[in-house]
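Scroll down for the structure; my scribbles are underneath it.
The values are calculated or read from the model by the stated rules, or taken from the named source; none is laboratory data. All figures in this text were calculated on a predicted structure; none of them were measured in a lab. Cβ placement follows ideal geometry from the backbone for every residue including glycine, while neighbour counts extend to all protein chains displayed. Remember, those area values only see protein heavy atoms, side chains included, never the ligands or the DNA or RNA. Shrake-Rupley method; radii C 1.70, N 1.55, O 1.52, S 1.80 Å.
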Amino acid sequence: MCGTCGCDSGAGEVEHSHTVTLEQDVLAKNDGLAGRNRDWLAHHGLFAVNLMSSPGAGKTTLLERTITELGGPVAVIEGDQETVLDADRIKATGAAVTQVNTGAGCHLDASMVARALDTLHPAAGTTVFIENVGNLVCPALFDLGEHTRAVVASVTEGADKPLKYPHMFTTADVVLLNKIDLLSYVDFELAAFERDVHVVNPAARVLPLSATRGDGLADWYSWLSASRPRQPVPG
Ligand code: MG
Ligand code: ZN
């Protein structure tokens, strides 16, 4: 997967020093651009949320419902390898949206987000949701300049993901456990999942919810409100 994007960094066992240097260069360049995004977002009074998960965890469904229920202006940057399917779903809610297709790439990077922000030019006070490419691995390594990171996990994926993909959960500010309406149909131990999230990231909030049935969404909206920068600078 990461052979095409040069992002399989953080693996201490990588033997070829040339590869390690390339990865460090890629990530260092990305960190610089992410810093510029962060400054740009602050200057324009925007609040940016990086939404990450494996494919099919329910990011787009959660966004559709969040946009209609949260209130206030929302803009969305949609990341997928191909198609504008998710952008079309978001557009139907009335929110501003731009689709980024990464082709062979398996994550969004800061330069893609910079171009998307330039296209969207959201008004001050807008919440910008960045729906990352569905992937529990390399999106965690790429700072986009966001204020906060939300990882969506779902009960149908199994409770073992925090220990199997620790980088993703280590960098999360909040873990949204989706599809809890299906708990009675699957073998998923909620307490074990929460315990393992906190093994890799003691500070992460875990919010069980159902984006389709509505359970727990009020907690998600409260969390968003509390995480928003207090005094956005007018653009
Ligand atoms: Mg999606
Ligand atoms: Zn990648």
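Pairs needed: first member in the stretch 196-224, open to solvent by less than 20 Å² (accessible area, probe 1.4 Å); second member anywhere, part of a helix (DSSP H, G or I) and among the hydroxyl-bearing types (Ser, Thr, Tyr); C-beta distance under 9 Å; at least 6 residues apart or different chains.
Asn201/Thr170; Ala204/Thr170; Ala211/Thr61; Ala211/Thr66; Leu217/Thr66; Trp220/Thr66; Leu224/Thr66
Table: residues versus (1) β-branched (Val, Ile, Thr); (2) more than 14 Å from ligand 1 (Cβ to nearest atom); (3) in a strand (DSSP E or B).
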position	(1), (2), (3)
Glu64	no, no, no
Gly79	no, no, yes
Arg89	no, no, no
Thr93	yes, no, no
Asp118	no, yes, no
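Would you mention how many residues in the stretch 37-51 are within 19 Å of the chain's Cα centre (by Cα) and part of a loop (DSSP other than H, G, I, E, B)?
1
Hey, among the residues in the stretch 110-128 that are polar (S, T, N, Q) and open to solvent by 30 Å² or more (accessible area, probe 1.4 Å), which one's nearest to the chain's Cα centre (by Cα)?
Filtering first and then ranking leaves Ser111.
Inside the stretch 137-155, can you point out the residues that are crowded, with 22+ Cβ neighbours inside 10 Å and in contact with a strand residue (DSSP E or B) (Cβ under 8 Å, 6 or more places away or on another chain)?
If the condition is that a residue be crowded, with 22+ Cβ neighbours inside 10 Å and in contact with a strand residue (DSSP E or B) (Cβ under 8 Å, 6 or more places away or on another chain), then Pro139, Ala140, Leu144, Gly145, Glu146, Arg149, Ala150, Val151, Val152, Ala153, Ser154, Val155 are the ones that fit.
Which condition number does Gly56 fail, the rest of (1) open to solvent by 20 Å² or more (accessible area, probe 1.4 Å); (2) in a strand (DSSP E or B); (3) within 11 Å of ligand 1 (Cβ to nearest atom) being met?
So the condition that Gly56 fails would be (2).
Just name the residue that is nearest to Asn135 (Cα to Cα) out of those in the stretch 69-109 that are among the acidic types (Asp, Glu) and open to solvent by less than 60 Å² (accessible area, probe 1.4 Å).
Filtering first and then ranking leaves Asp80.
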